[in-house]
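Presented below is the structure to which this report refers.
Computed from the coordinates by the stated procedures, all read-outs in this text should not be read as laboratory data. What you are looking at is a predicted structure, and each value in this text was computed from that prediction instead of being measured. Note that each Cβ is placed from the backbone with ideal geometry, even for glycine, and that neighbours are counted across all protein chains shown.
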Amino acid sequence: MELVVNGGSYSLETPVGRSLAETLRDVLGLTGTKIGCNEGHCGACTVLVDGVPTLSCITLVHTVEGRDVTTIEGLRDHPLVDSFVRSDALQCGFCTPGQIVSAAALVEANPEPSREQIRHQMAGNLCRCGAYPKIEEAIVACARQTKLAAVAEEAPDA
Amino acid sequence: MQLQHPESAEAAAAALGNGSVALAGGTELVPLIRDGLVRADTLVAIRDVVPRGIDGTRIGAGTTLAELEVDPKIPQALREACSLAASPQLRSMGTVGGNLLQATRCWYWRLNFPCYLHGGDRCHARQGEHREHAIFGNERCASAHPSDIAATLLALGATVRTTRRELTVAHLYRLPTDDNRDVTTIEPDELILELDVPRPEASTYLKAMDRRRFSFAVVGVAAARFGDGVRLALAGVAPIPWALGSPDELEEATPLPGTAYKVEIARTLVRRAVESVS
Amino acid sequence: MNGPYGDLWTRSVARLIKTEKEVEGRYEDVWLVVEEDALDQWPAGPGEIVGQPTPRITGPQRARGEARYTADVQLPGMLHTAVLRSPHAYARAKSIDFTRALAAPGVRAAIGPDDLDVLVDEAGYPGVAVAAVAADTFDAARDAVALIDVDWEVLEPVLDPDEAVGRKQLLIEPRKYERGDVERGFAEADAVVEAEFRTQTVLHNSMETHQTVCEWQGDRLDVYISTQFIWGVRDEVAEQLGLPPDKVRVVCEFMGGGFGSKNGAGDHTFIAAELARRTGRPVRCALTRREENQASGNRNATIQRLKAGARSDGTLVALSGKFVNAVGWSGWTATTEGPMQMLYACDNVQTVTYGAKINTPPMRAFRAPGFVEGTFGLECLLDELAAKLDLDPLEVRRLNYSHADDDRPYSSKRLMECYKRAEPHWERRHEVRARSEGAWKRGVGLASQVWYGGGGPPSYAWVRLGADGRATVITAMQDIGTGTATAMTQIAAEELGLPLDSVDFVLGDSARGPYASISAGSSTTPSMGPAVRAAAADAGRQILEIAAQRYDKEQRVLSLKNGHVVSSDGGSWAVAEVVGLLEDAQILGKGARGPNPAGMQVLTFGVQVVEVSVDTETGEVRVDRVAAIHDVGRVINPLGASSQVEGGIIQGIGHTLSEERLLDPQTGTILTQSLDAYRLPTIADVPPEIVTDLLDIPDEHLTNLGSKGLGEPPIVPIAAAIANAIRDATGADVRSLPISREEMLRALREARQRAGEKVAAPAS
């Protein structure tokens, strides 16, 4: 089967029933995507499939053939990464890739999310360390930054 | 295990049965297969052959909960039920058709105890830990049906069209009996294609949960006003979504010792839901 | 010993001394080689780098998914393990037959109770490891485990802790404590309250499950493990396997949370080691999330029967408590009675604590074990007493403040200052109550905390500096997500006068650094921090020695500042220039953690003020605001510190409102095995406002830093503060955790009945 991950194409032989998460981690060596529960309850394994936040641990890899898979490795230069670090929106960091992937989809769809919207759209990403308040700050800060950058771009030269 | 990609819904339905099961979003099916609760030698991918999207009052069974959550054309109760269901990722992956067919979260069933619903003769929850279980229809099986969407569609009086027939949501469900433990009337080779959801004057869905999001209903109440009448249906209170003829029917509840508190919550939410749509 | 020495150039001297080490309230005498370095503490307040908010230095790696956790370790030829666990709470395996399992595809080895001590044929709790299979894939191993034929003799489990106490099925002799005369105290009391409190079993559920990869290299064993104690694992594994400790290398560069559950090696490590030995291949043994919810430890349930007596002005005259810890089949009996003994000045106190041995998975330390549970009971009881006497709860705390403990003075105690800072938050209660509307009632509650946090020796660090003027701090410690790597780097940079990004930090490998202490008991910063500072100071002195020679100055006029050697009589040279002569030579600084202040108690104190809203018709509880005021000594990194406080509060909200491990009462089977059933807080459950106020005043007696640990203090009082706020809002007495809908509705009903009785029975 053909898998497209972070813009790159991979040819794989893999049995039906294998999850996308396992394929990413064990076959492609993309271990940025973490497995927290392997049954769709914690969100650590979140990736984007055609831009849609998807739990890779319960997604059968054969069902994403021909679709665009984006993992945290494909988002390494996303402004959210820097925002998370500056805001201290992580502690042990195990849930963090999944958080950033979900957040990336959120700000793509909604460039200026309210705090209520953030809490609603990030509720599927569990964090046992409790970095939530700062995750919310990081997303708010990133949105603000992106807006400021856009405004700066548009500003006419003096 | 094999994965088939049929060309049409009819072909998909024909391929089902005898260890061949339909795969849409997979959010329910994949864990059930892994836990040995569903046997599947062949997965029949139906994502691309089942109707998807909203057309007037018709909703394709392949529409995801996330798509419904943001659509202003559908009744408010349905939007609210979708937005309070599961997690954002699960809503993006899971279809409305699949959601209607989801199994109970009863831990005894999920851990494969030889319980009534699995074909055995006793309900382990009755003598055991049953705080999340039923207050209605619980003579044989005390499990609770978790679907917010099913209760809401029941209150809205929605109909379901399958590859075989048209039926009301109410007729999609049945209480398990000694001769047949299924909680749905769907045949193994029958596919849900679309729903027809009437437009009420007003509707709402209220959900009591153990945490603010991402939690199955302790009690979920859907209310929809058509003309002068308010239709009510509850999630989380019976093995199937439970319609109430009137708020007074709550007094006929048959709670277990550990589910009595649900009756109190249901009374309040029913009252508030009725007030909200009146 | 600690204290202001004028002369910074005291040489370090190796001495053998007997000193005290405390971990989570247990003191023990230890003999140590302590290379003590008498450095003055820095003045209070933020320095150049220490005391400044600093993002995690490993942040970018973790955020990008580039950090390698044990779960990500993939070694060539690695095998995967599945474990057969007892499905029964109490049973004996009469026979175990591996024939079918060994014939299954991909299977490379299988072991049982005859092969490894940690595998048992008498199962004392559900989920205990009985046998294990190593195979090419995890699926193959798991399928093979299903083919192990076990003939179980199922026995009758004891699940109820009170029943166990009644039968004297205990893990320890009942632990008794007494001071003064409680009988006389209660007799003199103007008001007495008595109540039973219950707390539930809570599971750690770190995001990375317990796991280990073992690989033998000849007669040496490499152990990659998600752990809180690299050196403890090393010693434990070496001892069990009969190896010299240096033959065991333990690696943990990144780990996904522990909270106390990963203090020891765990069965999975010994299983992996044995299977690796038999197969000659690296072997991973990782718990699934369901196994994590069954047999990887827990905060045990408690039953607390408490009694408090006070005079009409609120002075406590007697406290007594009977504590039953539902410890499990094994484990230790946490000091649930600690807060009752330690938090207040009360002459007459009596406690007895039982460690019930029941057929449930054994407890493991969980973020302030015993004190979270005990503070809930005590602080709720105190508020009930205050209500009975119609006194302000904050006043009652102040009135019963314990100024000194004759046996052991406090190294520092600033709880009164915490109470003072609580006042503006406490004042809000009038306006909060006034915002009650319809079924929603609002109120404010508070609770105090005491906990440990001094850490102790031994812990060591090295600092290496080369010709490029960059320093590397070399340790073999672990960072369990608390930001300790960053804090240590800040300390070294501050001491060396280097910018933060000129300092690198190494951790995580016992073969590449000296002994480091456990990351538990809020001890990492107070244990490792002083060692890192001492190592940096040693390196710093050597830099100045070189500079003195190079620029013909007396060492005493030189100091390090902003990456420069600075002379007090003018003159400034870049450190890189100073050490540029070194070429391949290096400066090596060495540092060790000195002893704790002799004969003193090193404790942390604090108070939390919480605002809640309660829907009195549905029993829903929302936490609207938390003000957390804690005295933890000097704060190294205010940014990381506030994250710790928020994290502890949120974890505490989980165990207060939504988390509970449930068992089937008939069979003892764990029912909450998945994260849909065991409900951790989501981002939507976070209070809209959390205010963190850390006093940041150095403990002048404690080490060259004056820093205490802060991992645990924030979780200790939150449950009681929430319960007390609920009482303020509704008059309801919550008596058990979690405060589920059922419990909240019960308490509200009881409050209404009491109010009804008051109305019905006129005062006589």
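Would you please classify the overall shape of the stretch B:43-172 from the alpha carbon gyration tensor, given that a ≥ b ≥ c denote the square roots of the eigenvalues, rounded means a/c under 1.5, and beyond that prolate means a/b larger than b/c while oblate covers the rest? Write down the numbers at each step before the final one.
Details: a/c = 1.96, a/b = 1.84, b/c = 1.06.
Here the stretch B:43-172 falls in the prolate category.
Note on the stretch A:77-154: Rg/Rh from Cα positions, Kirkwood definition for Rh, rounded to two decimals, is 0.96. Rg/Rh, computed from the Cα trace of chain C with Rh as the Kirkwood radius, has the value 1.00.
Legend: mean number of C-beta atoms from other chains within 10 angstrom of residue C-beta atoms, peptide A:12-19, equals 3. Count Lys and Arg as plus one, Asp and Glu as minus one, and take only other residues whose Cβ is under 13 Å from that of C:ALA103; the net charge is then -1. Taking Cα centre as origin and charging only the Cβ of basic (Lys, Arg, +1) and acidic (Asp, Glu, -1) residues, the dipole magnitude of the stretch A:2-74 rounds to 180 debye. Over 19 Å between Cα atoms, which of C:LYS176/C:LYS388; C:LYS413/C:LYS708; C:LYS441/C:LYS758 qualify? In this structure, C:LYS176/C:LYS388; C:LYS441/C:LYS758 lie more than 19 Å apart at Cα.
Charged side chains reduced to their Cβ positions (Lys and Arg at +1, Asp and Glu at -1) give the stretch C:537-658 a dipole of some 480 debye around its Cα centre.
Could you tally the net charge around C:GLN753, taking each other residue with its Cβ under 15 Å from the Cβ of C:GLN753, Lys/Arg +1 and Asp/Glu -1?
+2
Measuring between their Cα centroids, the stretch C:516-568 and the stretch C:332-404 lie 42 Å from each other. Between B:ALA85 and any residue 5 or more places off or on another chain, the built amide H atoms are never under 5 Å apart. The mean of 1/r over all pairs of different alpha-carbon atoms in the stretch A:2-74, once inverted, gives a Kirkwood hydrodynamic radius of 11.8 Å.
Scanning residues 5 or more positions from C:TRP440 or on other chains, those with amide H under 5 Å from its amide H are C:THR616, with H placed 1.01 Å from N in the peptide plane. Remark: relative contact order (chain C) = 17 percent; criterion is Cα-Cα distance under 8 angstrom and separation of 6 or more residues. Distances between placed amide hydrogens fall under 5 Å for C:PHE254 paired with C:THR70, all partners being 5 or more residues away or on another chain.
Sum -39500 (n - 2.57) across every DSSP H segment of at least 4 residues in chain A, then divide by the residue count to get the 222 nm mean residue ellipticity, nearest 500.
-10500 deg cm²/dmol
Sorted fewest first by neighbouring Cβ atoms within 10 angstrom, C:SER402, A:SER114 come out as A:SER114, C:SER402. Using just its DSSP H runs of length 4 or more, each adding -39500 (n - 2.57), chain B gives a mean residue ellipticity at 222 nm of -7000 deg cm²/dmol after division by all residues.
Calculated on the alpha-carbon coordinates, the convex hull of the stretch C:49-151 measures out at 173 cubic angstrom per residue. Since only A:ASN6, A:LEU20, A:THR33 are under comparison, the one whose Cα sits farthest along the positive direction of the charge dipole of the stretch A:2-74, derived from C-beta charges on Lys, Arg, Asp and Glu, is A:THR33. Taken about its Cα centre, the protein assembly as shown carries a charge dipole of about 880 debye when Lys and Arg each add +1 at the Cβ and Asp and Glu each add -1 at the Cβ. Taking the number of Cβ atoms within 10 Å of each Cβ as an exposure proxy, the fewest-first ranking of B:TYR108, B:TYR116, C:TYR410 is C:TYR410, B:TYR116, B:TYR108.
Rounded to the nearest whole Hz, the Karplus-based 3J(HN,Hα) values (6.51 cos²θ - 1.76 cosθ + 1.60, θ = phi - 60°) of the stretch B:67-75 follow the sequence 5, 5, 4, 9, 8, x, 7, 8, x, with x at glycine and proline. Residue-wise HN-Hα couplings along the stretch C:74-91, as the Karplus relation 6.51 cos²θ - 1.76 cosθ + 1.60 with θ = phi - 60° gives them from phi, are 10, 9, x, x, 5, 9, 10, 10, 10, 10, 7, 10, 4, x, 10, 6, 8, 6 Hz; Gly and Pro carry x. Structural descriptor for the stretch C:539-672: relative contact order 13 percent, calculated from alpha carbon pairs under 8 angstrom and at least 6 residues apart. Computed from phi, the 3J(HN,Hα) profile of the stretch C:217-222 under the Karplus parametrisation 6.51, -1.76, 1.60 (θ = phi - 60°) reads 10, x, 9, 9, 10, 9 Hz, with x in place of Gly and Pro.
Among B:ASP189, C:ASP383, A:ASP77, the ranking by other beta carbons within 10 Å of each residue's beta carbon, starting with the fewest, stands as A:ASP77, B:ASP189, C:ASP383. Taking every C-alpha pair closer than 8 Å and separated by at least 6 residues, the mean separation divided by the residue count of the stretch B:65-169 gives a relative contact order of 23 percent. Three principal axis extents of the protein assembly as shown based on alpha-carbon atoms, in descending order, are 98, 88, 84 Å.
The local environment of C:MET744, defined by Cβ-Cβ distances under 12 Å, has a net charge of -2 under the rule Lys, Arg +1 and Asp, Glu -1. For chain C, the 222 nm mean residue ellipticity estimated from helices alone, with every DSSP H stretch of n ≥ 4 adding -39500 (n - 2.57) and the total spread over all residues, rounds to -8500 deg cm²/dmol.
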